[in-house]
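For reference, the structure is listed below as structure tokens.
FYI, it's all coordinate maths here, none of it is from the lab. What you see is a predicted model; the values in this text were computed from it and never measured. Quick reminder, even Gly has a Cβ in these numbers, built from the backbone with ideal geometry, and neighbours come from all protein chains shown.
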Amino acid sequence: MTAQQREFRDALGAFATGVTIATTKDPDGKPVGVTASSFNSVSIDPPLVLWSLAKSSLSRATFCDSGHFAVHVLAASQEDLSNRFARSGEDKFAGVDWHEGELGSPVFDQHAALFQCQTRHQYEGGDHIILVGEVINFEARDEAPLLFHGGSYAERRTRPKGGGRESVDIEHGRFNDNFLFYLISRAHFQTSRPIRSRLVELGSSMEEYLTLGLLSIESPLSRDAIAQLLSHSGHAPAPQLLDQMAGNKLVRETDGKFELAEAGQNVFVETLAFGKALEADLADNFTAAELANTKQVLRRIIELTGE
């Protein structure tokens, strides 16, 4: 591949596509499949779709001669399957759940969408063969699709609605639910509410919890150091609270400095595990990319608003 061809390929990679696997059977009834991102619609009436296969592909003759194929739009969880069918020289169907489709093509049990097609046209397309099929049967499921962009896999991220709305009306003294400070405050309140309730059950407080967490990372610390390091949270402990925590054997005081005691460690670990479980439940509703972007934005906000 020349430098210009690589540049052309990279430029094409700027266009995000879905990822599919096309399947058919050879004359001996053996299942055949390849990964393809060239899938596209052609016509609604009649229902036609196309995809292209490299002329150098070992399965070229099989797809051109079989008279039928199935195209599986892969779900986001099927990255490993995409990689498997992109390789050659192995039993790609080993361990994969599939059955024979309406036209004879192998059909995977899992997919985001499925199109079972009769081959209607074949066209020369440079170093590829373009296969056009008439859709005989199709199915779509409520699954996030696997995407490919810039030479690597990607995930779908739904853009929020109403992003262009004015969030604050100074003239009339009001704001809506698109106001950033409102969203941050409400998100913090709602996500921390179960932790606060749990602390009440344990006879503890947010001030105690954060103090125990701080001392689990760094100790011993003086009263002033604890207050300073927790000032950003709005829950720095009052001096009398530290004395109370020492009396309850949650912390130990030596020469005016505090460190974590065994009882305090137990309370902190129990609450931390409870919070981690809440985080995991919440994370299940987002993609890895959404979570990474959210964390990046929050870190940036913290950086910009810190002293």
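Things worth noting here:
- Among the chymotrypsin sites (Phe, Trp or Tyr not before Pro) in segment 14-88, those located in a DSSP loop and surrounded by at most 16 other Cβ atoms within 10 Å of their own Cβ are 15.
- Sites counted here are trypsin sites (Lys or Arg not before Pro) in a DSSP loop (not H, G, I, E or B) having no more than 14 other Cβ atoms within 10 Å; the longest part of the chain that contains none of them is 166-248.
- Each semi-axis of the equivalent ellipsoid for the chain is √(5λ) with λ an eigenvalue of the Cα gyration tensor; in descending order they amount to 58, 24, 18 Å.
- Around residue 91: net Lys/Arg minus Asp/Glu count, Cβ-Cβ under 13 Å: +3
- Reachable aspartates and glutamates from residue 295, criterion Cα separation under 14 angstrom, eight or more residues apart if same chain: 279, 303
- Where the Cα pairs of segment 176-305 fall when distances are cut into 5 Å bins, in %: 2, 9, 16, 20, 18, 14, 11, 6, 3, 1, 0
- Normalised by the number of residues in segment 60-130, the mean separation of alpha-carbon contacts (under 8 Å, six or more apart) gives a relative contact order of 41 percent.
- Global form of segment 8-154, assessed from the alpha-carbon gyration tensor, a/c cut-off 1.5: rounded
- Estimated 222 nm signal from helices in the chain, with DSSP H stretches of n ≥ 4 weighted -39500 (n - 2.57), rounded to 500: -12000 deg cm²/dmol
- Two-decimal log10 I(q)/I(0) for segment 27-109, as the Debye equation yields it once each C-alpha is a single scatterer, q = 0.13, 0.15, 0.16 Å⁻¹: -0.44, -0.59, -0.68
- The chymotrypsin sites (Phe, Trp or Tyr not before Pro) of segment 251-290 that meet both conditions, a loop assignment by DSSP and at most 15 other Cβ atoms within 10 Å of the site Cβ, are 286.
- Relative contact order (%) - criterion: Cα under 8 Å, at least six apart; region: the chain: 13
- Low-density loop positions, GluC sites (Glu not before Pro), segment 1-103 - DSSP coil, at most 13 other Cβ in 10 Å: 90, 102
- Sites residue 26 and residue 138 - FRET efficiency at Förster radius 22 Å, r taken between beta-carbons, to 0.05: 0.40
- Placing +1 on the Cβ of every Lys and Arg and -1 on the Cβ of every Asp and Glu, with nothing else charged, gives the chain a dipole about its Cα centre of roughly 440 debye.
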